[in-house]
Amino acid sequence: MDNNSVADRVKYYRKLNGFSQEELSGKTNVTVRTIQRIENSEVNPHLNTVKLLAVALEVEINDLLPLENPKEETLKKKWLLLIHATPLLGIFIPLCNVLIPLFLWIHKREDNPIYDKHGIKVINFQITTLLMAILSFVSLVTIEKWGFILFVSIVPICILIIIFNIIYVLKSDKCYYPLAIPFLRFKPSTTLKSIVALIGLAILGSCDSDTGVTIKRIDSSSVSKEGLTHTIDSLADVAQVQGLVVAVFDNNQPVYTHIKGYKNISEKWALTDSTNIYGASLSKAVFSVLVMKLVEDNVIDLDKPLESYLPKKIYEYEPRTRWHDDYSDLKTDNLYPKITARMCLSHTSGFQNWRSRDKKLQVNFEPGTKYDYSGEGFVYLQVVLEKITGKGLETLAQEIVFEPLGMKNSSYEWKPRFENDYAESYAKDGRMFPKDKDNEPRAGSTLETTFGDYVKFLTAVLNKKILKESSYMELYSPQTQLKTISKSVADKNDVAEEYKDITLGYALGWGYMKTRYGTGYFKEGRGSGFHHYSILFPELGKGVLVMSTSENTGIIFTDLLNHLTAKKNMPWDWFKEIPYK
């Protein structure tokens, strides 16, 4: 690796983006001293360091490295072998000698120039072979003797040339295809017309590729699906995230999904869209929809004190669970009777997040007066609803949300069927957390779901399913505004200049941020290594879902969300500071 070249490129792109060395360090977790040494050509940077810098500078790794991407070099032999060997399938399946290398070329030609050059040579030769096969058939019926010899010799000669090139490319990364007509010529980029022409010559009619498909972000900028996949994979690899799933929504539908990694890293068992994932506080988003449905059905009113629905004091009920419906601590509390469903959903109930042996349950301030994130508030609302309806949380969730949406693998409690396919979770040091399978259903924290199921849920919310439009308007209505905070200013109560037009607050069960692009409604979740984030922009029909099985995901959220939503003017550095559990 040429140190001087890397140094010049890092310095150039850093200044192009207007970053100081300190700002670049903050975006990459690479120390300022390391960046200084790289720019002074004092060190030969590790590939992972270069990847982190490339993501923060919004450039490709190759833009910083003077040589080929080492990862591509490692895989080069495999892809070259596929490009040159797969035409042999044409012996058994007509047209596959052109179709398969064409497909591989379309998807790999931009990764490395050698794939482009070799792919063009293989495709040119195979199309030439098809034309020669057609001509030999014509000669068979029109020319005696020589027509037959030409007809029977075409296939063996082509097979020998293919085998020769397989051996040649493995030894020297070179190839030689004689007599090939140059339908395509190597250029930095090949036009769509050339591809269409090839398909026509191969009598394929049409052939579609995802390569050029793009996703429009909320700031109207676009990113290719292939580029997005590359960024996600690079970030996950650099941060050592064991399992990561991402969905992007547009026009109220999922338009991109990507699954990276494993549900069990030691066994190398792949993560899938049906793998059980602990949802943590994503539980609250589902519960808020459930509650609003009960409001629609006049089971409960958002602004009526919850204890007024009960025939006796909440602390007089005999607990039916191990701890979460035990309200004996409230016997001497004169504030909790004021708590309403609205306060519970907007985190203004006054309860702490979770009680503990050392800290009993209590209301810490006048209910409804300020924001303080509370899982206990959600559980209190759950317990009251269970007593009003005579149904447990799991039954209500199945009836109101999961069954209508076809979320067959979701539950607020562990199910024996999840044993066959569930994700483990991992600490920052790679240590596996023990899987908690003994939780009782709790509205704020015990959701068990899958990537596929939660995509269904968010799609339903975007399309205003389950609830009436008026109920969604209530769900999204601002309840409390949070102090605007940012790492980029010393005073956390001050407004960072770049975020001065953004309002951050809480609605019912969802946080919200009002941005120049529209209002986004978000819900996070984190616990025992699982790390999730979702945000929807209902007016735009857009959204993003990120679910992961690693604590390390936190260090890449800013860069990941920048690529998924908007390059600038979004306060993703707040994410680490907004309280959530």
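What pairs in Lys15/Lys51; Lys78/Lys225; Lys225/Lys284; Lys293/Lys408; Lys370/Lys428 have C-alpha atoms more than 25 Å from each other? Could you put the intermediate results ahead of the total?
Working: Lys15/Lys51 18 Å; Lys78/Lys225 23 Å; Lys225/Lys284 30 Å; Lys293/Lys408 20 Å; Lys370/Lys428 34 Å.
Those over the limit are Lys225/Lys284; Lys370/Lys428.
To the nearest ten degrees, helix 375-389 and the longest principal axis of the Cα atoms of the chain are 70 degrees apart.
Annotation: extensible slack from Ile163 through Phe365 equals 64.8 nm (criterion: 0.36 nm per residue apart, minus Cα-Cα distance).
The label point for Ser470 and the one for Ser5, both projected 7 Å from the Cα toward the Cβ, are 6.7 nm apart. With R₀ fixed at 30 Å, the C-beta to C-beta distance from Leu88 to Leu140 puts the FRET efficiency at about 0.80. By DSSP, the beta bridges lying fully in the chain are antiparallel in about 95 percent of cases.
Using the alpha-carbon centroid of each, what span in Å lies between the stretch 36-50 and the stretch 356-425? After rounding, the separation between the Cα centres reads 48 Å.
In the chain, helical runs assigned H by DSSP with n ≥ 4 each contribute -39500 (n - 2.57); averaged across all residues and rounded to the nearest 500, the mean residue ellipticity at 222 nm is -12000 deg cm²/dmol.
Placing +1 at every Lys and Arg Cβ and -1 at every Asp and Glu Cβ, with all other atoms neutral, what dipole size does the stretch 275-331 have around its Cα centre, in debye to the nearest 20? The partial results should precede the final answer.
Values: 8 positive and 10 negative charges, 32 e Å.
Here the size comes out at about 160 debye.
Peptides 144-150, 230-236, 366-372 ranked from most to least packed, by the mean per-residue count of other Cβ atoms within 10 Å: 230-236, 366-372, 144-150. In the full protein context, the chain carries 46 Å² of accessible surface per residue, based on a 1.4 Å probe and ignoring ligands, DNA and RNA.
For the peptides 95-105, 167-177, 6-16, the ranking by packing is 95-105, 6-16, 167-177, with the highest mean count of neighbouring Cβ atoms within 10 Å listed first. Cα axis of helix 282-296 to longest principal axis of the chain: angle in degrees, 0 to 90, nearest 10? On a 0 to 90 degree scale, this one is about 60. Convex hull volume of the Cα atoms of the chain, normalised per residue: 186 Å³. Per-peptide packing, taken as the mean over residues of other Cβ atoms within 10 Å, places 18-26, 522-530, 346-354 in the sequence 346-354, 522-530, 18-26 from highest down. Computed with a 1.4 Å probe over protein heavy atoms only, the accessible area of Met432 comes to about 80 Å². Taking the stretch 357-384 and a reference point 7 angstrom along Cα→Cβ of Asn334, the backbone N atoms nearer than 19 Å belong to 362-369. Between the Cα long axis of helix 225-239 and the first principal axis of the chain there is an angle of about 70°, rounded to the nearest 10.
Let's test the formula: R0 of 35 Å, r as the Cβ-Cβ distance of Gln240 and Lys171. What FRET efficiency results, to the nearest 0.05? Please list the in-between numbers first.
On the way: r = 36 Å, r/R0 = 1.03.
It comes to 0.45.
The values are calculated or read from the model by the stated rules, or taken from the named source; none is laboratory data. What you are looking at is a predicted structure, and each value in this text was computed from that prediction instead of being measured. Note: ideal-geometry Cβ built from the backbone for every residue, glycine included; neighbour counts use all protein chains shown. Keep in mind that these areas ignore ligands, DNA and RNA; they rest on the heavy atoms of the full protein, side chains included. Shrake-Rupley method; radii C 1.70, N 1.55, O 1.52, S 1.80 Å.
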